[in-house]
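The structure under discussion appears below in the form of structure tokens.
The values are calculated or read from the model by the stated rules, or taken from the named source; none is laboratory data. These figures come from a predicted structure and were not determined experimentally. Reconstructed Cβ throughout: ideal geometry from the backbone, glycine too, with neighbour counts over all protein chains shown. All accessible areas refer to the heavy atoms of the entire protein, side chains included, with ligands and DNA or RNA removed. Shrake-Rupley method; radii C 1.70, N 1.55, O 1.52, S 1.80 Å.
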Amino acid sequence: MEKATNRQRVLLEHLRPLNSSAHNYESSLSASACAAGDSAAYQRTSAYGDDVVIVAAYRTALCKSKRGGFKDTYPDDLLAPVLRALIEKTNLNPSEVGDIVVGTVLAPGSQRASECRMAAFYAGFPETVPLRTVNRQCSSGLQAVADVAAAIKAGFYDIGIGAGLESMTANPMAWEGSVNPKVEKFQKAQNCLLPMGITSENVAHRFGVTRQEQDQAAVESHRKAAAATAAGKFKDEIIPVATKIVDPKTGEEKPVTISVDDGIRPNTSVSELGKLKTVFKKDGTTTAGNSSQVSDGAGAVLLMKRSLAMHKGLPILGVFRHVFPRNQPYTCNLSDIMTFAAVGVDPAIMGVGPAVAIPAAVKAAGLEIDDIDLFEINEAFASQFVYCRNKLEIDPEKVNVNGGAMAIGHPLGATEFLRLFNLFTLIRAILGASVPSGEEVGGEDTGFRSEFNWVQIVNVGFRQGPPRKGARCVATLLHEMKRRGKDCRFGVISMCIGTGMGAAAVFERGDSADELCNARKVENHGFLSKDAR
């Protein structure tokens, strides 16, 4: 045992950061294995101060595109207020920010990048602070947060901002140019062009998700969101935006301040939703009522090293943590694992992404599904949400406790998935004109068959679907975890992604990660070498 301990000491000394002070490893060396989930008797090494933490998270209200509170608001005027709030509410010198990464999807890349840079100047950031955009479709906002966390962990900078922005009023979904004819030879590539509603029908058909289950999920989403709004739960995360509403008939401008999500329908009922006609398939189950909403909004998250946050006296909302794998020696913290995962799935059933991404992220965190206290799972469509929840056997009381995209909305890069409400009529026109029997859509026996003219469908405005949540969900999740205190330690955010992907991240409530390692002693341990036997 003594030889094994000496070997650990030598190894730790070699791998100790050069800028760290001398450290007495005697108390932290042991042959015990560890598992995430409980506080432990091990003292953290200098790596503890390098944890990437979130000290502030804010969002705008989410409003219905083309008819809601932000229909006359420029996209950069949505992003600027949340960026400004991060600085003002933390008293942070904006020049200390190493980078701003904004998840965004629909706008042309160079234009949106310029708009975001402009928003940073509106918010008071100096020219020395760089900015870039990122597009992983529905997970663009979360990807931005993950990118910043990874950059801080890598030592590129100590403070960064991950954000999300989408104005589906200003930038509705559209496909620019023609589609490569080669797509007709590759089934998976064809499926990348499927309207999102068809992928929803595919999920419902393949996995037996009923219309009743979908409508009930939608009702619950609206009920929870309405209750959370009435209880003032969103007040701490929503930054009021002073803007204008323009009368479309007279052109008269009315100044307004938007501070409440305007897509929530408190009185929605299963019986009312049951009266709605299906949209994508004549005998299908997907309707306007059990799909997510097309929305406008923005959100932003401030991340930094824990040591810096503690030095500045900033509260720690959550930890975007590298956690030890289960049943590994304590020294495994020398090879930490980031608790973010992006995965690929069949494009024809893209909505199942969270069912694959969540286990991957949770496993990387050294946890199990049952260890997670809260889940924020996107509600692109009720079909995929219900499937993912059931597949992972998640307690419904832990999922989307304050409602989801079906009620609150989904402004692509900034929040949840979109509802193709404004394109429903167009879908009927296109699909109704091409229903002869032929190759089935998505390669599945969905009952919906046709020889699709892919170029025609894409050119009239059907793309893979909106990039989604991230910034909004991070803010909502962390504020809810803070409210619940010690009863809530770990939270997960996940979403499906158009063209067949999924993403997920694990967060830990800030004040639950104290000076003790996130691990627990176990009596029956695996020795580190033969010398310990």
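The table for this structure:
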item	result
Distance in nm between pseudo-label sites at Tyr74 and Arg132 (7 Å out along the Cβ direction from Cα)	2.6 nm
Relative packing of 181-189, 473-481, which averages over residues the other C-beta atoms within 10 Å, highest first	473-481, 181-189
Distance in nm between pseudo-label sites at Glu184 and Ala154 (7 Å out along the Cβ direction from Cα)	4.2 nm
Prolate/oblate/rounded call for region 242-281, Cα gyration tensor, a/c under 1.5 rounded	prolate
Pairs beyond 27 Å (Cα-Cα), from Lys235/Lys398; Lys277/Lys398; Lys188/Lys398; Lys224/Lys391	Lys277/Lys398; Lys188/Lys398
Protection proxy ranking, peptides 165-173, 241-249, average beta carbon neighbours within 10 Å, highest first	165-173, 241-249
Point-to-point label distance, Lys275-Val260, nm (Cα→Cβ direction, 7 Å offset)	2.5 nm
Shape category assigned to region 196-314 from the gyration tensor of Cα positions, a/c cut at 1.5	oblate
Peptide ranges 347-356, 61-70, 220-229 listed from the most packed, as the mean C-beta count within 10 angstrom indicates	347-356, 61-70, 220-229
Protein accessible area in region 111-165, 1.4 Å probe - carbon and sulfur %	52 percent
Within the accessible area of region 260-311 (1.4 Å probe), percent carbon and sulfur	55 percent
